[in-house]
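Asker: Okay, here's the structure, questions in a sec.
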Amino acid sequence: MFDIIKDKLKETKKIIFVTGAGISQESGIPTFRGKDGLWRKYDPMQLATIEAFYENPKLVWEWYEDRRGNILSAKPNPGHFAMAEIEKFKDVVVMTQNIDGLHQKAGSSKVLELHGSIIRIKCTSCDFEDDIITKFEEVPPKCLCGKILRPDVVWFGEPLPQKVWREAMIESSKCDIMIIAGTSLVVSPANTLPIYAKQNDAMLIEINPEETIMSSQMDLSIRDTSSNILPKLLTYIQSIQN
Ligand code: BV8
Ligand code: ZN
């Protein structure tokens, strides 16, 4: 399956991954738009926006506490672990839209969290922020300064963290292989990263059981799951490296 990219894989020093909710699906975290999708039950524009948070912080917090409970007990799957292992053979940068921290839990050392983290909590007013892995007694939780806390995630209508986004664009515009796994590429501006890579003649590889809006622009589009394919990619890289 990878023979058509063998030469490129052999010569490249660095592999960039762009991942989305699909790569965590097999860790029991529902995707956004799939049949089990989170957003079947809730209207995303009702909950993942700054307006919703200020209108009804308790409701938004109940949604996040529900997701945090699931995410904090979730384990990385073979797809996450394979990506971390590939670091033994190549420089790897993981640019994830996920907020679940599973890439880091699996051992990936360079992870750009494009949409923030549900584990990191920050104050809506002062500069307090911290990873909080316990459930909150009452929601919305309060900061010591008296204001309410929020998950350090990027809501719709909010800009991505500037430093992270700038780094993601630089990496994408100078990479020679980008592997896009588990994302529908619906959400912008994250969905422009493969375009930056393509403009720089990078080879684009997609791993997704379903077609996406960018499948036709991929050099290789593998209709399978990430936990199935990424360990095979790791074995292939090991075989051509030795
Ligand atoms: C911004 C954090 C500008 C929170 C998320 C119209 C109205 C309003 C807004 C817009 C609009 N048009 C465009 C916009 C902009 C908007 C946007 O893109 N909206 C979309 C819905 C059209 N974007 C924004 O607002 C962004 N900010 O533009 O700011 C700005 C600039 C300056 C100053 C001010 C403002 C912010 C976007 C970030 C939103 N936050 N998450 C939270 O999670 O609660 S987005 C959310 O969607 C997650 O991060 C998620 O990862 C992301 C993308 O979804 P996917 O990851 O792709 O997941 P999805 O379910 O869609 O797909 C899963 C895929 O996996 C599927 O293809 C499936 O086939 C596949 N799969 C399933 N199983 C597997 C698998 N693949 C492999 N293996 C498997 N086993
Ligand atoms: Zn505070």
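Asker: Spot the failing condition for Cys175; the list is (1) crowded, with 17+ Cβ neighbours inside 10 Å; (2) part of a helix (DSSP H, G or I), and only one is missed.
Answerer: If we test Cys175 against (1) crowded, with 17+ Cβ neighbours inside 10 Å; (2) part of a helix (DSSP H, G or I), just (2) comes out false.
Asker: On the basis of being at pLDDT below 95 and of a type outside the set (Ser, Thr, Tyr), does Gly116 make the cut? Please lay out each step first, then the result.
Answerer: Values: at pLDDT below 95: no; of a type outside the set (Ser, Thr, Tyr): yes.
Taking the combined requirement at face value, the residue does not satisfy it.
Asker: While we're looking at this one, here's another question. Cβ-Cβ below 6 Å, separation at least six or inter-chain, first residue in segment 109-133 and more than 27 Å from Ile170 (Cα to Cα), second part of a strand (DSSP E or B) and away from ligand 2 (no atom under 16 Å from the Cβ): which pairs?
Answerer: Asp131/Ile119
Asker: If the Cβ limit is 7 Å and pairs must be 6+ apart or interchain, which residue in segment 181-204 that is assigned by TED's automatic domain parsing to the domain that holds Ala21 pairs with which residue that is modelled with pLDDT of 95 or more and among the charged types (D, E, K, R)?
Answerer: Met203/Asp219; Leu204/Lys198; Leu204/Asp219
Asker: Another question, if that's okay. Among (1) closer than 26 Å to Glu55 by Cβ; (2) away from ligand 1 (no atom under 16 Å from the Cβ); (3) among the polar types (S, T, N, Q), which single condition is Ser109 missing?
Answerer: Only one criterion in (1) closer than 26 Å to Glu55 by Cβ; (2) away from ligand 1 (no atom under 16 Å from the Cβ); (3) among the polar types (S, T, N, Q) is unmet by Ser109, namely (1).
Asker: Quick test of your reading of the structure: Ile180 fulfils all but one of (1) of a type in the set (A, V, I, L, M); (2) buried (at least 21 other Cβ atoms within 10 Å of the Cβ); (3) in a loop (DSSP other than H, G, I, E, B). Name the failing condition by number.
Answerer: The single condition Ile180 does not satisfy is (3).
Each row is one residue, and each column tells you yes or no for (1) outside any strand (DSSP E or B); (2) away from ligand 2 (no atom under 16 Å from the Cβ).
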residue	(1), (2)
Ile118	no, yes
Lys122	no, no
Thr134	yes, yes
Glu137	yes, yes
Pro140	yes, no
Arg150	no, no
Pro159	yes, yes
Trp165	yes, yes
Met169	yes, yes
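The values are calculated or read from the model by the stated rules, or taken from the named source; none is laboratory data. None of these values were measured; they are calculated from a predicted model. Cβ coordinates were reconstructed from backbone atoms using ideal geometry, including for glycine residues, and neighbour counts include every protein chain displayed.
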